[in-house]
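Nothing in this text is a laboratory measurement; each read-out follows from the coordinates by a stated rule. Here the structure is a predicted model, which is why all the values come from computation and not from measurement. Here the Cβ positions follow ideal geometry from the backbone for every residue, glycine too, while neighbour counts run over all protein chains shown.
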Amino acid sequence: MRRIWIVLVVATGCWSSQAPRVEAPLAVVYAAAFEETRAKYPTVDGDPSKGTIKTAWHQIEAKSGWDPGKRYFGRFDITLTGGGPWSIEIDGRVSTWAVGEATPKEIAERDWIQPRIDALRVAIDRKLRATLR
């Protein structure tokens, strides 16, 4: 029987999320994580042998209070660790770029990134539950 454990990790100031822990073959866990990540963020790159998935930087809508003269971008890194059960770690980043700047600069923006990390985590968990029934 295959089992899925949901692990809730609370860490102040942390922009990553860890869940779920899955006892299933790596190929099954990786496929579900990759498929759900690609469904939300179409430009992704992955390495199944390393258990990594990375989205490209994608432009995001500026929220109230952000500098209207800058553009904002987000990206996600998903890593499968463990080996039985597997843990799915999701890290999110936000950067800004303004005309005239040579490169974007990463910023600590928890309010925007954390809900998207959580939504991706839930989507992967649902996919795994459906796959492993």
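Per-residue Cβ neighbour counts within 10 Å put ARG21, ARG121 in the sequence ARG21, ARG121, beginning with the fewest. The distance between label points at ALA31 and ALA102 comes to 4.6 nm (points 7 Å beyond Cα on the Cα→Cβ vector). Classify region 3-131 as rounded, prolate or oblate from the Cα gyration tensor: take a ≥ b ≥ c as the square roots of its eigenvalues, call it rounded if a/c is under 1.5, otherwise prolate when a/b beats b/c and oblate if not. It comes out prolate by the Cα gyration axes. Under the criterion of Cα pairs below 8 Å and six or more residues apart, the relative contact order for region 3-131 equals 27 percent.
By the rule of a C-alpha distance below 24 Å, with chain neighbours fewer than 8 residues away ignored, the lysines paired with LYS50 are LYS40, LYS127. The trypsin sites (Lys or Arg not before Pro) of region 28-115 that DSSP puts in a loop, and whose beta carbon has at most 10 other beta carbons within 10 Å, are LYS50, LYS63.
Cβ-to-Cβ counts within 10 Å put PHE34, PHE73 in ascending order as PHE73, PHE34, the fewest first.
Amide H contacts for ILE107 (H built 1.01 Å from N in the peptide plane; partners 5 or more residues away or on another chain; cut-off under 5 Å): VAL94, SER95, THR96.
Order by neighbour count: LEU26, LEU128, fewest other Cβ atoms within 10 Å first, most last.
Numbers: LEU26 16, LEU128 23.
Neighbour counts put them in this order, fewest first: LEU26, LEU128.
Each label was represented as a point 7 Å from its Cα along the Cα-to-Cβ direction; for ARG126 and THR52 these points are 2.9 nm apart.
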